[in-house]
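Asks: First the structure, then my questions, so here it is.
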Amino acid sequence: MSAILPVIILPKITPAPLIAPRSTYIKKAFKAFSKTWKKEDGLPIVHYSSQKVGGKKGNHAYSIDLKHFQKFIQNTLDFNFDLMLEIKDKEKSGLKAVKIIKNDPRFKL
């Protein structure tokens, strides 16, 4: 199992973050919360962070793990959502993430 895990917060389903180490769990989580969303709710907001290696579960890494982020984006292609990066170096990781998702049809500036 990888030390880098996405944290998906599902406010309408559970008050605690869902730690999803495999793509299967990510897809199941997205399917579960998508069923609870109505058009008038707008797009779901997904908080994404890279796990801090050696830190407690849920501790955010200083910088985004680009390989893991790319896998996350690929595993969520069937879903439309707003993405919030929870990362310490903010703009630096944000610009790296934009390079990965710039050709994704869901991405809008």
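Asks: Could you please find all residues in the stretch 1-59 being modelled with pLDDT of 50 or more, of a type in the set (A, V, I, L, M, F, W, C), part of a loop (DSSP other than H, G, I, E, B) and surrounded by 13 or more Cβ atoms within 10 Å (Cβ to Cβ)?
Replies: Trp37, Leu43
Asks: Kindly evaluate Lys67 against the criterion of being free of Cβ contacts under 8 Å to residues at least 24 places away in the same chain, assigned to a loop (DSSP other than H, G, I, E, B) and out of contact with any strand residue (DSSP E or B) (no Cβ under 6 Å at 6 or more places or on another chain).
Replies: no
Asks: Mind checking which residues of the stretch 82-109 are within 21 Å of Thr36 (Cα to Cα) and buried (at least 16 other Cβ atoms within 10 Å of the Cβ)?
Replies: Within the stretch 82-109, Leu83 is the sole residue that qualifies.
Asks: Follow-up question, since we're still on this one. Out of the stretch 49-88, which residues are in contact with a Leu (Cβ under 8 Å, 6 or more places away or on another chain) and among the hydroxyl-bearing types (Ser, Thr, Tyr)?
Replies: The answer is Ser49, and nothing else.
Asks: So in the stretch 22-76, with the set limited to residues that are under 16 Å from Phe107 (Cα atoms) and hydroxyl-bearing (Ser, Thr, Tyr), which one is farthest from the chain's Cα centre (by Cα)?
Replies: Checking each candidate, the answer is Thr76.
Asks: Can you name the number of the only condition in (1) surrounded by 12 or more Cβ atoms within 10 Å (Cβ to Cβ); (2) of a type outside the set (A, V, I, L, M, F, W, C); (3) in contact (Cβ under 8 Å) with a residue 12 or more places away in the chain that Asp78 fails?
Replies: (1)
The values are calculated or read from the model by the stated rules, or taken from the named source; none is laboratory data. On a predicted model such as this, the values are computed, not experimentally measured, just so you know. All Cβ positions, even for glycine, are placed from backbone atoms using ideal geometry, and neighbour counts span all protein chains on display.
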